[in-house]
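Engineer: Structure in structure tokens, see below.
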Amino acid sequence: MVKIAVYDVREDEKAKLKQLEAQLGVELHLTTEGFRPDTVEFAKGCSGASFLGQNDIGEEVLIKCKELGVMHLSTRTVGFNHVDVKLAKELGFRVSNAGYPPYGVAEFTLMLMLMVLRSYKPALWRQQVNDYSLAGLQGRELRNMTVGVIGTGKIGSAVVEMLHGFRCRILANSAVENDVVRQYAEYVDLETIYKECDIISIHVPLTEESRHMINHDTIAKMKDGVILINTARGELMDIHALTEGIESRKIGALAMDVFENEHAIYHQDLKNDIIKNREMAYLRQFPNVVLTQHIAFYTNANVESMVQCGIESLVAFANGETYACEL
Ligand code: COI
């Protein structure tokens, strides 16, 4: 029987895991622990390990896995910047990621755009103290905006399709272009995105090339008052450049579901802790900055799909088969 170690298990994943265990006839060993050098031993006797995105899967974990014969790895996340896939493959591992539908993240992206356009954060603050005044809350309409979408993979393309319903002008930039996006948006170079867009939303994977692609220089090229949206990875944007952009009002609003160095913070209950991320604490106070705790992915449909991809791919690998999400 195929045995799989499942790390980082949340309560809301358990029902689907149980269902798959019965359906696929596999043995799942569940733990809430992360997949780290000190927890690899838990996977002893298993052919594969499934995990989320909080820990870096680098040389130390890989070597320990290899020693234990745990040669199949699956991250239940779409992003795989936390896994050294190149080294893993060199060492003979088979690796997969999750291929959940893009709509949950795309809808959340649209929600963030609308929240900042309609000053929802200060409106909510006011309502909670019985301040029902209008001053300062006048919004703007998406239909009058030029929106730039950087990266038109599955999520970026879904964002473009949804934006089309709002009748705004859409510009797109992507390493790989596609015909669905071409129906609704014009592909342009990044310089044009920076120069012409009122809102810029980023949907590229985090790589060495894309790290800090939004920085002092690129922000300087943008329109005054530009709105920046990030539901991809915090490290795509240089946090110091963002902070200065907000302080100088070059950036009119910022909404981010992700944050540089969020790993020890997001998805944890830290009410009684000392959180060491000064940039986050500082940026969070501004009325035109909306920060959410990496929840854009978190829908019932996505969780089902993440768990399914994670387990099915490891079963396929154990049976010597191929799987669509193999990296
Ligand atoms: C992903 O799937 O890549 C995500 O961003 C969500 C994950 C961190 C749980």
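The values are calculated or read from the model by the stated rules, or taken from the named source; none is laboratory data. Here the structure is a predicted model, which is why all the values come from computation and not from measurement. All Cβ positions, even for glycine, are placed from backbone atoms using ideal geometry, and neighbour counts span all protein chains on display.
Engineer: Applying the selection to region 291-314, what residues are surrounded by fewer than 20 Cβ atoms within 10 Å (Cβ to Cβ), hydrophobic (A, V, I, L, M, F, W, C) and over 14 Å from the mean Cα position of the chain (by Cα)?
Structural biologist: ALA301
Engineer: Do any helices (runs of 4 or more DSSP H) entirely within region 36-129 hold 1 or more residues that are within 16 Å of ASP8 (Cβ to Cβ) and in contact with a helix residue (DSSP H, G or I) (Cβ under 6 Å, 6 or more places away or on another chain), and if so, which?
Structural biologist: 59-68
Engineer: If a residue has to be more than 12 Å from the ligand (Cβ to nearest atom) and of a type outside the set (Val, Ile, Thr) to count, how many in region 78-109 make the cut?
Structural biologist: Total meeting the criteria: 14.
Engineer: Same structure again: Scan region 26-56 for residues that are under 24 Å from the mean Cα position of the chain (by Cα), among the polar types (S, T, N, Q) and either away from the ligand (no atom under 16 Å from the Cβ) or modelled with pLDDT of 95 or more (or both) and jot them down.
Structural biologist: If the condition is that a residue be under 24 Å from the mean Cα position of the chain (by Cα), among the polar types (S, T, N, Q) and either away from the ligand (no atom under 16 Å from the Cβ) or modelled with pLDDT of 95 or more (or both), then THR31, THR32, SER50 are the ones that fit.
Engineer: If a residue must be under 21 Å from the mean Cα position of the chain (by Cα), away from the ligand (no atom under 16 Å from the Cβ) and part of a helix (DSSP H, G or I), how many such residues does region 216-234 contain?
Structural biologist: Adding up the residues that qualify gives 0.
Engineer: Do we have any residue at all in region 214-225 that's surrounded by 19 or more Cβ atoms within 10 Å (Cβ to Cβ), touching a residue at least 40 places away in the same chain (Cβ under 8 Å) and closer than 24 Å to VAL159 by Cβ?
Structural biologist: So far as region 214-225 goes, no, none of its residues is surrounded by 19 or more Cβ atoms within 10 Å (Cβ to Cβ), touching a residue at least 40 places away in the same chain (Cβ under 8 Å) and closer than 24 Å to VAL159 by Cβ.
Engineer: Answer with yes or no whether ILE229 is under 19 Å from ILE155 (Cα atoms) and either at pLDDT 95 or above or buried (at least 20 other Cβ atoms within 10 Å of the Cβ) (or both).
Structural biologist: Judged against the criteria, ILE229 is a match.
Engineer: Next up: It is to be established whether one or more residues within region 254-264 are more than 13 Å from the ligand (Cβ to nearest atom), buried (at least 16 other Cβ atoms within 10 Å of the Cβ) and among the hydrophobic types (A, V, I, L, M, F, W, C).
Structural biologist: Yes, some residue in region 254-264 is more than 13 Å from the ligand (Cβ to nearest atom), buried (at least 16 other Cβ atoms within 10 Å of the Cβ) and among the hydrophobic types (A, V, I, L, M, F, W, C).
Engineer: Cβ-Cβ below 7 Å, separation at least six or inter-chain, first residue in region 104-118 and under 13 Å from GLY156 (Cβ atoms), second hydroxyl-bearing (Ser, Thr, Tyr): which pairs?
Structural biologist: VAL105/THR231; THR109/SER201; THR109/THR231
Engineer: Considering LEU283, LEU270, which residue is surrounded by fewer than 14 Cβ atoms within 10 Å (Cβ to Cβ) and either away from the ligand (no atom under 16 Å from the Cβ) or within 25 Å of MET145 (Cα to Cα) (or both)?
Structural biologist: Being surrounded by fewer than 14 Cβ atoms within 10 Å (Cβ to Cβ) and either away from the ligand (no atom under 16 Å from the Cβ) or within 25 Å of MET145 (Cα to Cα) (or both) holds for just one of LEU283, LEU270, which is LEU270.
Engineer: Scan region 302-327 and report the pairs whose first residue is closer than 16 Å to VAL26 by Cα and whose second residue is surrounded by 24 or more Cβ atoms within 10 Å (Cβ to Cβ) and of a type in the set (D, E, K, R), with Cβ atoms within less than 8 Å and a gap of 6+ or a chain change.
Structural biologist: VAL307/ARG76; CYS309/ARG76; GLY310/ARG76
Engineer: Which condition does LEU17 not pass, out of (1) in contact (Cβ under 8 Å) with a residue 24 or more places away in the chain; (2) out of contact with any helix residue (DSSP H, G or I) (no Cβ under 8 Å at 6 or more places or on another chain); (3) under 24 Å from ASN300 (Cα atoms), if it passes all the others?
Structural biologist: (2)
Engineer: If I ask for residues that are hydroxyl-bearing (Ser, Thr, Tyr) and out of contact with any Phe, Trp or Tyr (no Cβ under 7 Å at 6 or more places or on another chain), which ones from region 267-307 would you list?
Structural biologist: If the condition is that a residue be hydroxyl-bearing (Ser, Thr, Tyr) and out of contact with any Phe, Trp or Tyr (no Cβ under 7 Å at 6 or more places or on another chain), then TYR282, THR292, TYR298, THR299 are the ones that fit.
Engineer: Tell me whether region 290-306 contains one or more residues that are modelled with pLDDT of 95 or more, more than 16 Å from the ligand (Cβ to nearest atom) and outside any helix (DSSP H, G or I).
Structural biologist: yes
Engineer: Looking at this structure, is ASP131 within 16 Å of the ligand (Cβ to nearest atom) and surrounded by fewer than 18 Cβ atoms within 10 Å (Cβ to Cβ)?
Structural biologist: No: the conditions fail for ASP131.
Engineer: Still on this model: Out of the residues in region 1-20 that are among the charged types (D, E, K, R) and part of a loop (DSSP other than H, G, I, E, B), state the one that is nearest to LEU314 (Cα to Cα).
Structural biologist: ASP8
Engineer: For VAL70, state whether it is crowded, with 24+ Cβ neighbours inside 10 Å and within 12 Å of the ligand (Cβ to nearest atom).
Structural biologist: no
Engineer: Further question on the same structure: Looking at region 24-67 only, could you name the residues that are among the polar types (S, T, N, Q) and surrounded by fewer than 23 Cβ atoms within 10 Å (Cβ to Cβ)?
Structural biologist: Matches in region 24-67: THR31, THR32, THR39, SER47, GLN54, ASN55.
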